[in-house]
Amino acid sequence: MTLLDLTPDELLSTTRAVRKRLDFERPVPRELLDECLALAQQAPNASNSEPWRFVVVTEADTKAKLAECYRTGWAGYRKAIEEEARSTPDAPVLGSAQYLADRFHEVPAMVLPCIVPRADTGPVAGQPGRYGSVMQAAWSFQLAARARGLGTCWTTLHLPRERDAAEVLGIPYDDVQQVALITVGYSLGTDFKPGRRVPLESIVRYERWS
């Protein structure tokens, strides 16, 4: 697969959440997803335990059922945001997110990073390492996808209905924990730019908090 001509810094700073610029019509080949997942396996992980598992969904009926779970979470989340911030329906981020929610069932592929065994039922001291492992792997997957002309978006709004999603996917809920649902498809264009962020000095402390 031909890679985009991106420096490491460009790859890191332009891997964006792709919603409106997702190509809903073009399937993503399994071998391309496997390339990205093989790179995800190289992520650092706690005690080299590789606690991650990935469920990849491309079948239309299954995607529709997961989209229903997602929209339940999205409806509640949007309502809370609008009540708190008094946002308008045309707010840019909400508009982009609503667009994805409306077409969630159409995304070419869904990738669900999972943890085995569940982290949320284990000792608190061990949870950061387990969550950190799977999240680093998931981010590596997203970077690999971007480098290959794919757009991704990390979402978690199906998780209030995690048990329902587990039933749809045949995931043993008591043993395997879903941590996200990443939408995947070819991006419409590859000219993404760095996102707007607050000044670095407002978030960094050296040596001590204060």
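The values are calculated or read from the model by the stated rules, or taken from the named source; none is laboratory data. Note that the coordinates shown come from a computational prediction; the quantities given were computed from them, not determined experimentally. Every residue, glycine among them, receives a Cβ derived from its backbone with ideal geometry; neighbour counts consider all protein chains shown. Ligands, DNA and RNA are stripped out before the accessible areas are found, and what is left, the full protein with its side chains, is counted by its heavy atoms. Shrake-Rupley method; radii C 1.70, N 1.55, O 1.52, S 1.80 Å.
Once fully extended, how much extra length lies between SER210 and SER49, figured as 0.36 nm per residue of separation less the alpha-carbon to alpha-carbon distance? Each step should come with its number before you reach the end.
Working: separation 161, 0.36 × 161 = 57.96 nm, distance 3.65 nm.
Stretched out fully, the SER210 to SER49 stretch lengthens by 54.3 nm.
In Å², what does the accessible area per residue of the chain work out to with a 1.4 Å probe? Write down the numbers at each step before the final one.
On the way: 12170 Å² over 210 residues.
Dividing the accessible area of the chain by its residue count gives 58 Å².
When the Debye formula is applied to the Cα atoms of segment 8-90, each taken as the same point scatterer, what base-10 log of I(q)/I(0) results at q = 0.17, 0.23 Å⁻¹?
Results for segment 8-90 at q = 0.17, 0.23 Å⁻¹ read -1.14, -1.23.
Counting only protein heavy atoms, what percent of the accessible surface of the chain is carbon or sulfur at a 1.4 Å probe?
Values: 6460 of 12170 Å².
Summing carbon and sulfur atoms, their accessible area is 53 percent of the total for the chain.
For every helix of n ≥ 4 consecutive DSSP H residues, a contribution of -39,500 (n - 2.57) applies; sum these over the chain, divide by its total residues, and give [θ] at 222 nm rounded to the nearest 500 deg cm²/dmol. It would help to have the intermediate numbers written out before the result.
Values: 6 runs with 84 residues, N = 210.
Dividing the helical sum by the residues of the chain leaves -13000 deg cm²/dmol.
Rounded to the nearest 20 debye, what is the charge dipole size of segment 55-210 about its Cα centre when +1 sits on each Lys and Arg Cβ and -1 on each Asp and Glu Cβ? Walk me through the numbers on the way to the answer.
Details: 18 positive and 18 negative charges, 102 e Å.
Taking the Cα centre of segment 55-210 as origin, the dipole is about 480 debye.
Quick one: the Cα spread of segment 162-210 along its three principal axes, in angstroms, biggest first?
Its Cα atoms span 47, 39, 13 Å along the three principal axes.
Using every Cα-Cα pair within the chain, state what percent have a distance larger than 27 Å. Please list the in-between numbers first.
Values: 7929 of 21945 pairs.
Within the chain, distances greater than 27 Å cover 36 percent of Cα pairs.
Got the relative contact order for the chain handy, in percent, Cα pairs under 8 Å and 6 or more residues apart? Could you put the intermediate results ahead of the total?
Values: 313 pairs, mean separation 79.2, N = 210.
That works out to 38 percent.
So, R0 is 35 Å and r is the distance between the beta-carbons of ASP9 and ASP120; what FRET efficiency does that work out to, to 0.05? Write out the running numbers ahead of the final one.
Numbers: r = 35 Å, r/R0 = 1.00.
It comes out at approximately 0.50.
For a label point 7 Å from the Cα of ARG163 along Cα→C-beta, name the residues of segment 108-135 whose backbone N is under 19 Å from it.
115, 118-122
Quick one: work out the % antiparallel among DSSP beta bridges in the chain, nearest 5. Could you put the intermediate results ahead of the total?
Numbers: 18 of 19 bridges.
Approximately 95 percent, going by the DSSP bridge assignments.
Convex hull over the Cα atoms of segment 44-126, averaged projected area in nm²? Before the final figure, lay out each step's value.
Values: hull surface 32.0 nm².
Result: a mean projected hull area of 8.0 nm².
Just reorder TRP209, TRP139, TRP74 by solvent-accessible area, largest first, 1.4 Å probe, all chains present.
On the way: TRP209 205, TRP139 100, TRP74 15 Å².
Of TRP209, TRP139, TRP74, the descending order of accessible area is TRP209, TRP139, TRP74.
Specify, per residue and in Å³, the volume enclosed by the convex hull of the alpha carbon atoms belonging to segment 134-198. Before the final figure, lay out each step's value.
Working: hull volume 8.4 nm³, N = 65.
Considering the Cα atoms of segment 134-198, their hull volume per residue is 129 Å³.
At 1.4 Å probe size, what's the solvent-accessible area of SER49? Round to the nearest 10 Å².
About 60 Å², rounded to the nearest 10.
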